[in-house]
Every structure is written in C-alpha cells, then in structure tokens.
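Here the structure is laid out as structure tokens; the discussion comes afterwards.
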Amino acid sequence: MTDSLKSSIEDILHQATGEKVSVELGISLSGGCINNATSVKTSLGETLFLKYNENAEPFMFRAEANGLEELSKAETLRIPRVYGYSDKDSEDAPFILMEYIASGPKGKGFYEAFGRGFAEMHRVTKSQYGFSEDNYIGSTPQINGWMDNWTDFFREKRLGYQISLAQKSGLWDSQADRWWEVLSSRLEEFIGTPHEPPSLLHGDLWSGNYMTGPEGEPCIIDPAVYYGSREADLAMTEVFGSFDSRFYDAYRESYPIEPDYKDRSEIYKLYHLMNHLNLFGRSYEGSVKALLKRFGS
Ligand code: ADP
C-alpha cells in the first residue's frame, strides 16, 4: 500500500468514526474477476475490505458504492457497508473500502433466506426503468438513464449497447445482424410489458457475487444495479448453472413468478452472454448466436 493510499484510507475512517485511525495491509484475497482485493487492519481492531485497481474504468468504484447503497436501502439481504472510495481523479490507485464480511459456513435455511430476501428486494420499486447513473457489468459500461418502456429500455440500453461494443471489436457479423434485426422487431412480443412496476435489481447476481456472512447469512456484493423486470435478475442466477432449488422455491413463495418466465429468461440471459462475448471474446460466440438464431429466425 502506498503512503498516499494509506493516508486516504485513514482520512476516510477518521471521518466515519471521528477517531484517529491508522491502518495496515492484511492478507490478499482472491476470487474477484477484475480488481485486487485485500483485507485491511485498523488500529481500532477492525478488519476492512479494500478493492483497488490502477486501471479501473472511470467512476467504477463510485458506481459500485452507489449500487451497494441503493441495495442496502431495501433492508432485505445483507450488503457490506461502504466507508469510502476514490476514483481516477486522485493520485492513488482507485479503490473502494468497505466492511469486511468474515465468511462463516452457510446457516440452516441459508437458501430459503436468500430467496426470500431477493424477492423482498424486488418489491422495492420505482416508476421508471433504469438508474440515476451509468454503472458497470463486470468492467463493461452499463448504460442507464430513465425510460418508461421496458422493451425499449432492454433493446436500447442492454442488448443494443452490447451489440455496439461487439461491432466495434469485430465480434459481430452480418448473420448475427440479420437475426438481431428480427429479434429486435419482435422484442415486445417476446418480453412484453411487465404487469408490475420496475423492481430494484442487483443486476449481476451469479455465484461469485454472493457470500455467506459470519452468522451463516446470505450477503450480496458487486452489483450492477438498476430498476427493471425482476425476471432479468432471476435469469442471471441461471446463466452459469442455477442456484440451489431452495432459493427459487423460497423466492416463488414470497413473490410468485409468471408461468411463461422461462421463455423470457432466455432473452435476459442473452444480455449477459453478449457481455461475456465482449469481455472474454469468441468462446461465447456460439452461445450468443444460438440464442440470436432461436429468437431471430
Ligand atoms: P471484483 O470486482 O474483482 O469481481 P469482488 O467484489 O467479486 O471483486 O470481490 C473479490 C472477492 O473478494 C470475492 O469473491 C469475495 O470472496 C471477496 N469479497 C468481496 N467483498 C468482500 C467483503 N466485503 N468482505 C470480505 N470479502 C469480500
């Protein structure tokens, strides 16, 4: 840790606690896809969690902090408290400093509590689709703003934006374009207009983005928050193999899902597969094209 990073962290903690705090770097943690992660010990005896990245995208940690704050307002699932962050404008490597979640074993009823909490989170709503600022899905920008129509939002700000990135990097051919033209014109028919207001979404909930807290409770991290159809959030949990069935049973019991969710979920998965195409390249081309063909021919 550079002296400047150390003193930025100490300032943040001084402001948060009103006490003079000094910090030391703890152990390095692995598991994240993008950033360096480490624990930090404070002179107050606390352990904190620090993520930093010299090459962070602009305002990446601000977006993460604001996303976590939005989720914590729901007061359903556990969200780590954010102490502060710094973006590219300072001389430090950009970083985010938050509460350290000391993982325990999964408690009895972990998946039930997780499913229920996730459903309750989706009961937090707004009147429009989107979010007050753009954020990131992985390290890809996720474009937000506010829109009244879900299909238009998903076409433009989700699938359309990923396509524009794929085109720029030569990952999009004329066949994909033809399928997209059909899919795009039929999108309203496929995903329609939800019969409920836009829900607060985590946006990127896969198995790497939840943890077990010290009491065995579910805790969610690293979001790509926006307000949208909750089916999009559920679909993400199924992209790389589904969660435990108790999670879905508890979810449905708390907040039932429409029977034709399964058809729409494939369109929502397409967004994440396109994002993986853009992040990791051609190994995702086959799965993206299979879905494009299915809905666009
Ligand atoms: P990245 O932004 O690089 O994907 P993550 O936010 O996924 O990083 O965090 C990397 C790893 O660090 C996670 O897989 C998890 O094991 C651990 N982690 C994340 N947040 C915390 C936290 N608040 N407390 C303790 N460990 C955490």
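The values are calculated or read from the model by the stated rules, or taken from the named source; none is laboratory data. Bear in mind the structure is a predicted one, so any value in this text is a computation, not a measurement. All Cβ positions, even for glycine, are placed from backbone atoms using ideal geometry, and neighbour counts span all protein chains on display. These area figures cover heavy atoms from the full protein model, side chains too; ligands, DNA and RNA do not enter into them. Shrake-Rupley method; radii C 1.70, N 1.55, O 1.52, S 1.80 Å.
Brief remarks on what is shown
- When residues in the stretch 68-111 are screened for being acidic (Asp, Glu), open to solvent by 50 Å² or more (accessible area, probe 1.4 Å) and outside any helix (DSSP H, G or I), 3 of them pass.
- Where residue 2 falls short, out of the listed (1) away from the ligand (no atom under 14 Å from the Cβ); (2) surrounded by 13 or more Cβ atoms within 10 Å (Cβ to Cβ): (2)
- Test: residue in the stretch 181-195 that is surrounded by 15 or more Cβ atoms within 10 Å (Cβ to Cβ), assigned to a loop (DSSP other than H, G, I, E, B), assigned by TED's automatic domain parsing to the domain that holds residue 241 and within 16 Å of the ligand (Cβ to nearest atom): no
- Selected residue (only one of 227, 251 is crowded, with 19+ Cβ neighbours inside 10 Å, aromatic (Phe, Trp, Tyr) and more than 23 Å from residue 163 (Cα to Cα)): 251
- Qualifying residue in the stretch 114-126 (condition: closer than 26 Å to residue 63 by Cα, of a type in the set (Val, Ile, Thr), away from the ligand (no atom under 16 Å from the Cβ) and assigned to a loop (DSSP other than H, G, I, E, B)): yes
- All of (1) over 20 Å from residue 169 (Cα atoms); (2) buried (at least 18 other Cβ atoms within 10 Å of the Cβ) hold for residue 262 with one exception: (2).
- Residue match in the stretch 18-36 (condition: touching a His at 6+ places or on another chain (Cβ under 9 Å), within 18 Å of residue 2 (Cβ to Cβ) and not assigned by TED's automatic domain parsing to the domain that holds residue 276): yes
- Residue 257 meets each of the listed conditions (1) more than 16 Å from the ligand (Cβ to nearest atom); (2) crowded, with 23+ Cβ neighbours inside 10 Å; (3) β-branched (Val, Ile, Thr) apart from (2).
- Entirely in the stretch 203-297, the helices (runs of 4 or more DSSP H) that have 2 or more residues that are closer than 30 Å to residue 108 by Cα: 230-236, 245-254, 261-280
- No other residue among 167, 175, 142 is crowded, with 16+ Cβ neighbours inside 10 Å, at pLDDT 95 or above and not hydrophobic (A, V, I, L, M, F, W, C) apart from 142.
- Residues that are under 28 Å from the mean Cα position of the chain (by Cα) and in contact (Cβ under 8 Å) with a residue 12 or more places away in the chain within the stretch 30-45 comprise 31, 32, 33, 34, 35, 36, 37, 38, 39, 40, 41, listed in sequence order.
- Consider the stretch 17-50 and keep the residues that are loosely packed, with under 14 Cβ neighbours inside 10 Å and of a type in the set (A, V, I, L, M). The one that is nearest to residue 138 (Cα to Cα) is 27.
Here's the yes/no breakdown for (1) of a type outside the set (Phe, Trp, Tyr); (2) without any contact (Cβ under 8 Å) to a residue 40 or more places away in the chain; (3) not assigned by TED's automatic domain parsing to the domain that holds residue 7:
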{"residue": "53", "(1), (2), (3)": "yes, no, no"}
{"residue": "56", "(1), (2), (3)": "yes, yes, no"}
{"residue": "64", "(1), (2), (3)": "yes, no, no"}
{"residue": "71", "(1), (2), (3)": "yes, no, no"}
{"residue": "79", "(1), (2), (3)": "yes, no, no"}
{"residue": "105", "(1), (2), (3)": "yes, no, yes"}
{"residue": "114", "(1), (2), (3)": "no, no, yes"}
{"residue": "119", "(1), (2), (3)": "yes, no, yes"}
{"residue": "129", "(1), (2), (3)": "no, no, yes"}
